[in-house]
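First the structure, in the form of C-alpha cells, and then the observations on it.
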Amino acid sequence: MNRKWKSHVEVALIYLFIVFMFVVIAYPLLWTISMSLNPGTSLYSASLIPEKWTFEHYKWLFTSPQSDYLLWYKNSLFVAAANAVLSVFFTALIAYAFSRYKFVGRKTGLYLFLVLQMFPSLMAMVAIYILLNMLHLLDSLWGLILIYVGGQIPFNAWLVKGYFDTIPRELDEAARMDGAGHFGVFFRIMLPLAKPILAVVALFNFMAPFTDFLLPSIVLRDPDKFTLAVGLFNFISDRFANNFTRFAAGSILIAAPIAIVFLFLQRYLISGLTAGGTKG
C-alpha cells in the first residue's frame, strides 16, 4: 500500500510539473496572440481577453505604406533558406571528412571544434565586425549569411560526424567496389542515410535568423536590409514608439515559415529513421 501511494505521488508531481511548464510556456504566447488582436497600439490598454477582436494590425503590416514588414520578411526568408542549405552542405562535407578519413590535424581539429563551442558568440562580435568590414560585407545579407554558416559549423560538424560514425563502413567499401569515388560515396550513400540528422541541422539553421537579434543589429544598418527581429524591434525601441500590438502581430507571423519547414522535414525524418542501410 505504501509503495502504491508513493507511485501515485510521483505521478501527481510529474503532472504538476508538466502543467507548470505548460503555463510558463503558454502564458506569454497567449498574451502575444491576445495583444495582436487588441484594438489600438498601446501595451497598457491591451487585455488578455479583448472585448473587441480586430485584425487591423495584421492588415497594417501588409498593406500600410509605412510598413516594411514584407521586405523584412523576404530578407529573413532569404537569409534563413541560404543558411539552412549552405550549413547542411558544408557541415556534411566537413563531418564526412572527419568521420571517414585520417589526416594530419584530424584530432586537433575535432578538439578545436569542441573548444570553440565553449565560448559565447558575443565575444566574437568585434572580430566579426572587423572581418566583414575588411571583406566589404558590412550591411549585407550575404555577410550575415557568411557569419551564420561559419559560426554554426563547429557544433553541427560534431553532431553530423557522430551520426556518420554510426553508418557502417562496409557500405562505403561496397560502393567503391562498384566504381564510386569519394563524392559518389558521399552523395549516394552518406547523404541519403543521414537524412534524419541533416533535417535537424536544416531546421535549426532555418530557425536561427528569424529569432536572432544581436548579430543582425550589428551587421545591418540599412532598414531595407533588416531581418524581422531587427525590424520589429524598431516598433518599440524608438523614443515615442507605441506599437506593441503591431509588434505582437508581426511576432506571431514569424512562426508560419518555421512551422511549414518543420512539417516538410518531418517526413524526411521519419523516412530516414525507418529506412535501414540494408534495405533493398
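The table below lists the values:
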quantity	calculated
Test: residue in the range 83-98 that is outside any helix (DSSP H, G or I) and more than 24 Å from the chain's Cα centre (by Cα)	no
Sole residue being on the phi > 0 side of the Ramachandran plot and more than 23 Å from the chain's Cα centre (by Cα), chosen from 109, 105	105
Residue within the range 105-116 that is farther than 28 Å from residue 199 by Cβ, among the basic types (Lys, Arg) and not in a helix (DSSP H, G or I) present	no
Some residue of the range 53-65 being assigned to a helix (DSSP H, G or I) and of a type in the set (Asp, Glu)	yes
Leading residue by the ranking (nearest to residue 95 (Cα to Cα)) among those in the range 117-152 that are open to solvent by less than 30 Å² (accessible area, probe 1.4 Å) and of a type in the set (Ser, Thr, Tyr)	148
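Conditions (1) surrounded by fewer than 18 Cβ atoms within 10 Å (Cβ to Cβ); (2) assigned to a helix (DSSP H, G or I); (3) at pLDDT 90 or above; (4) touching a strand residue (DSSP E or B) at 6+ places or on another chain (Cβ under 6 Å), marked per residue:
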residue: 154; (1), (2), (3), (4): no, yes, no, no
residue: 162; (1), (2), (3), (4): yes, yes, no, no
residue: 184; (1), (2), (3), (4): yes, yes, no, no
residue: 187; (1), (2), (3), (4): yes, yes, no, no
residue: 210; (1), (2), (3), (4): no, yes, yes, no
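The values are calculated or read from the model by the stated rules, or taken from the named source; none is laboratory data. Note that the coordinates shown come from a computational prediction; the quantities given were computed from them, not determined experimentally. When we count neighbours, we look across all protein chains shown, and the Cβ atoms used for this are built from the backbone with ideal geometry, even at glycine. Just so you know, the surface numbers come from the protein's heavy atoms only, side chains and all, with ligands and any DNA or RNA stripped out. Shrake-Rupley method; radii C 1.70, N 1.55, O 1.52, S 1.80 Å.
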